[in-house]
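Structure, as structure tokens:
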Amino acid sequence: MNRNLRHAIGILIALTTASLALADRQIYDIRDFDAKPGGEALCTKAIQDAIDKCAGSGGGTVYLPPGKWLTGTVYIESNVTMHLDAGCTLLGSPNKTDYGPPRKLKDPDAGTFSYWAVIAGKGLQNIAIRGRGTIDGQGAAFRYKDGPRPKNIYLENCRDVLIEGVRLRAAGSWMQHYRNCDRLTIRGIAVFNHVAYNNDGLNIDSCRDVVITGCNVDSDDDAIVLKSLSTRPCENVVISDCIVSSHCNSIKMGTESGGGFQNITVTNCTICSPRYSKVTYGKQRGLAGLALEIVDGGTLDRVAISNITIKGLTAPIFMRLGNRARIYDKDAAKPPVGKFRNVVVTNIVAIDCSPVGCSITGLPGHHIENVTISNVNLGFEGGGTKEDAARQIPENPANYPESTMFGTLPAYGFYCRHVDNLQFQNIRLATSAPDYRHAVVFDDVHSATIDSLDAPSAPDAAEVIRLIDSTDIRIEPPLTEK
């Protein structure tokens, strides 16, 4: 038998096997469980019955066809795919009483589980929510600050999870929350979340082995957010090829940082201010494009960010090591100041940013360490005054970390304080209006290099860089002053 024939037979066998597997896949149409379309009749029981039947038969697909389907909380189960077909809209109920009924978990020692979400799950494996349909939480019904408000998706302690293709809109709080999950892939989803308070776009909390790719996330509160609402870090995470906009922070690590963030890659993303919404939190133009924060203990270590474009935000880059010291484990002592180290940021282009400037700030005795920023081109509005240049910046160790927390900085480009081993390479800074501040201010910075800085100086001064209580600073040519 020649090689080509063997190859052809192999392909035929593979295709036949795949076809048989597809034919054997169990599909459970919610209409077969008495779900009524139109968005008025509550379909919670029908959808839950389809999920339970699917899981009880060994797994398969729960099919949500085109049409509007109204539901309260449904609990997904292991080995179940929820497939929302094109033209399907799963509507979250506007009635509070339809959320969070107790659900007995499969593990007899785990008791029951209750959560306010359109789709929720805990302790599961091999699950998916996918398709070209929409999950609309109708979150405008929950526009209040006190009391529980539903999310569109909440998954906890799950592994081998796929969220793919779906459109997510209008949650009562965070759009989606993945807590302590392993091997999570979120691919090709579109998020629009602008109807209630705390309208985050995508929250990854104390998870491991996560891929977020090809997503479009537009939110009022923080957009793509890594958190650690525990002492477990977010670890081994890739965020790539996303379009992100937020009235707060676009791509963020924090604020909750009990475990920190380790082995994180962010690449090939476009960031801008929201174009189709008015602000609830934050600012109309958005706050930070890239916000890296450790304020509750925890360790931020090994973070690589590359190939990012930013337009029209307050500050393109914000890094903060603080000491809010929130406690995440019951009866635990307050955590010590965390660690913030080993960050590489390269190939960043930003325009139309506010006069505030970028900041990289630690605390006295607790320095940010080993940060490299290279091939960066940032454009700011400018207009800083001599008074701005002379401002004394308070430490504010326990304050909520935000790119605006210090007000207008004494540098229009980078204000760096309490940092060790800082490398700037091939940096271009520009202002639309004349600015009386320095381009870069180092305050208590040690072992730093500035290699090729192109930046305008103040109109009446030649200095581009100001050094305060800093040592072992090496400035390499070309240093262009205008």
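The values are calculated or read from the model by the stated rules, or taken from the named source; none is laboratory data. Treat the numbers as computed from the prediction; the structure is a model and nothing was measured. All Cβ positions, glycine included, derive from the backbone under ideal geometry; neighbour counts span all protein chains shown.
Go through 211, 217, 225 for me and flag whichever is under 12 Å from the mean Cα position of the chain (by Cα), surrounded by fewer than 24 Cβ atoms within 10 Å (Cβ to Cβ), at pLDDT 95 or above and among the β-branched types (Val, Ile, Thr).
211
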- prompt: Can you tell which of 423, 392 is at negative phi, modelled with pLDDT of 95 or more, part of a loop (DSSP other than H, G, I, E, B) and not small (Gly, Ala, Ser)?
  reply: 392
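May I ask you to list the residues in the stretch 134-148 that are surrounded by 24 or more Cβ atoms within 10 Å (Cβ to Cβ) and outside any helix (DSSP H, G or I)?
135, 137
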query: residue 385 versus (1) farther than 19 Å from residue 426 by Cα; (2) hydroxyl-bearing (Ser, Thr, Tyr); (3) out of contact with any Phe, Trp or Tyr (no Cβ under 7 Å at 6 or more places or on another chain): which is the lone unmet condition?
result: (3)
query: Is it the case that some residue within the stretch 326-344 is hydroxyl-bearing (Ser, Thr, Tyr), under 21 Å from the mean Cα position of the chain (by Cα) and closer than 23 Å to residue 369 by Cα?
result: no
query: Among the residues of the stretch 110-132, is any modelled with pLDDT of 95 or more, in contact with a helix residue (DSSP H, G or I) (Cβ under 6 Å, 6 or more places away or on another chain) and surrounded by 18 or more Cβ atoms within 10 Å (Cβ to Cβ)?
result: no
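Do any strands (runs of 3 or more DSSP E) entirely within the stretch 195-258 hold 1 or more residues that are acidic (Asp, Glu) and touching a Phe, Trp or Tyr at 6+ places or on another chain (Cβ under 6 Å), and if so, which?
The strands (runs of 3 or more DSSP E) meeting that bar are 216-219.
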- request: State yes or no: is residue 414 within 19 Å of residue 290 (Cβ to Cβ), crowded, with 24+ Cβ neighbours inside 10 Å, aromatic (Phe, Trp, Tyr) and under 26 Å from the mean Cα position of the chain (by Cα)?
  value: yes
- prompt: If residue 331 satisfies every condition in (1) part of a strand (DSSP E or B); (2) on the phi > 0 side of the Ramachandran plot but one, which is the exception?
  reply: (1)
- request: Enumerate the pairs (first residue in the stretch 84-112 and assigned to a strand (DSSP E or B); second residue anywhere and polar (S, T, N, Q) and surrounded by fewer than 11 Cβ atoms within 10 Å (Cβ to Cβ)) with beta-carbon separation below 8 Å, excluding pairs fewer than 6 apart on the same chain, so at least 6 apart or on different chains.
  value: 103/112; 104/112
task: Output yes when any residue across the stretch 383-403 is buried (at least 18 other Cβ atoms within 10 Å of the Cβ), out of contact with any Lys or Arg (no Cβ under 7 Å at 6 or more places or on another chain) and under 21 Å from residue 253 (Cα atoms), and no when none is.
output: yes
message: residue 368 - would you say it is among the hydrophobic types (A, V, I, L, M, F, W, C), free of Cβ contacts under 8 Å to residues at least 60 places away in the same chain, farther than 22 Å from residue 443 by Cβ and buried (at least 24 other Cβ atoms within 10 Å of the Cβ)?
response: no
- prompt: What tally of residues in the stretch 52-107 results from selecting those that are polar (S, T, N, Q), under 22 Å from residue 134 (Cβ atoms) and surrounded by fewer than 16 Cβ atoms within 10 Å (Cβ to Cβ)?
  reply: 1
